[in-house]
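Each reported figure results from applying straightforward, stated rules to the coordinates on display, with no laboratory input. For clarity, every value in this text was computed on a predicted model and none was experimentally measured. Glycine also receives a Cβ, built like all others from the backbone with ideal geometry; neighbour counts cover every protein chain displayed.
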């Protein structure tokens with residue numbers, strides 16, 4: 001038996017993730033024939049078939065399924081060798097892979113990248129925007145160094161560091177300006193527009209209203225921007241996180257109001273693997289994120305509610 005090379009292990013992992021030779025080859029920055037040849041050599045060396053091939057996709061064989069987690073453990077350990085080396089340096093340099101959820105990335109990312117680049121000019125910052133479930137998966141597999149998400153994530157293998165809390169604000173049509181702010185019970189009787197399933201912000205909004213799901217006849221949206229524009233068109237009302245208000249309402253004819261206590265809110269935090277050699281550096285990064293957000297750790301800074309006209 002011939003032991004597979006590290007390159008072949010990475011190619012096999014890419015194929016398992018993408019389920020397609022073309023997409024895996026693109027992700028690995030090689031040609032599809034070269035990828036196929038490397039996988040074939042790996043199978044011949046191991047003496048077994050790892051993949052079932054079809055015209056449209058590839059799936060793992062039983063042997064492939066048994067090997068993939070071991071392969072990912074090996075790749076994660078190899079990547080952590082570089083992290084150990086970086087952690088021993090006085091300065092923070094090299095690749096930093098950060099994941100962010102969509103209800104955070106557009107509003108914090110420009111400030112975070114600017115501050116990190118200024119404070120650590122030798123960092124190569126790579127950003128991944130995805131839903132929480134995807135970020136946690138990629139973090140666990142070693143494809144991300146850290147992620148900025150809504151807490152808690154309740155994963156035993158991850159360290160959670162709370163950064164700050166922020167309120168949810170009510171966005172409603174401009175003609176509702178000055179009318180009483182509805183209670184959570186009243187919201188259940190209104191057309192409450194929400195993000196599509198999979199977004200943690202959707203679950204948080206439903207929890208505030210003590211609803212298990214939204215009425216089927218209402219449209220869900222894939223972004224906060226779409227939600228606000230739907231409100232501007234008179235379709236209904238929505239909730240958005242405080243950090244998104246300035247960006248998302250500047251071109252919409254909507255009114256923004258704050259709920260009475262207890263106000264709905266969320267806690268934003270950073271998570272990383274407990275085994276990460278970069279834990280000390282990531283703790284420092286978390287402090288930079290707090291400064292970039294303009295909010296002291298664990299506290300919220302709430303501007304007064306404002307009305308917005310297009």
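Brief remarks follow.
- If you look at the Cα atoms of segment 6-77, you get an Rg and a Dmax of 11.0, 34 Å.
- Projecting label points 7 angstrom from Cα along Cα→Cβ for residue 53 and residue 41 puts them 1.6 nm apart.
- For the chain, modelled as a GNM whose springs connect Cα atoms under 10 angstrom apart, the maximal fluctuation among 59, 226, 103 occurs at 59.
- Answer label, with Rg/Rh (Cα atoms, Kirkwood Rh) calculated from the coordinates and candidates [x] 0.98; [y] 1.05; [z] 1.57: [y]
- Taking the DSSP bridge list for the chain and keeping only pairs wholly inside it, about 70 percent are antiparallel.
- Within a Gaussian network of the chain (alpha carbon springs, distance under 10 Å), most fluctuating of 265, 255, 31: 31
- Here the Kirkwood formula puts the hydrodynamic radius of segment 166-265 at 13.3 Å, using every distinct Cα pair.
- Extension gain for residue 251-residue 65 works out to 62.0 nm (0.36 nm per residue, less the C-alpha to C-alpha distance).
- Considering only alpha-carbon pairs that sit under 8 angstrom and 6 or more positions apart, the relative contact order computed for segment 6-77 is 33 percent.
- Per-pair calculated FRET efficiency, R0 = 41 Å: residue 177 and residue 79 via Cβ, rounded to 0.05: 0.20
- Chain lengthening between residue 119 and residue 196 when straightened (0.36 nm per residue, less Cα-Cα): 24.0 nm
- The stretch between residue 133 and residue 287, if pulled fully straight at 0.36 nm per residue, gains 53.0 nm over its current Cα-Cα span.
- Between 238, 179, 249, the residue with the greatest mean-square fluctuation in the GNM of the chain (Cα pairs under 10 Å linked by springs) is 179.
- Calculated FRET value between residue 29 and residue 155, using beta carbons and R₀ = 45 Å, to 0.05: 0.90
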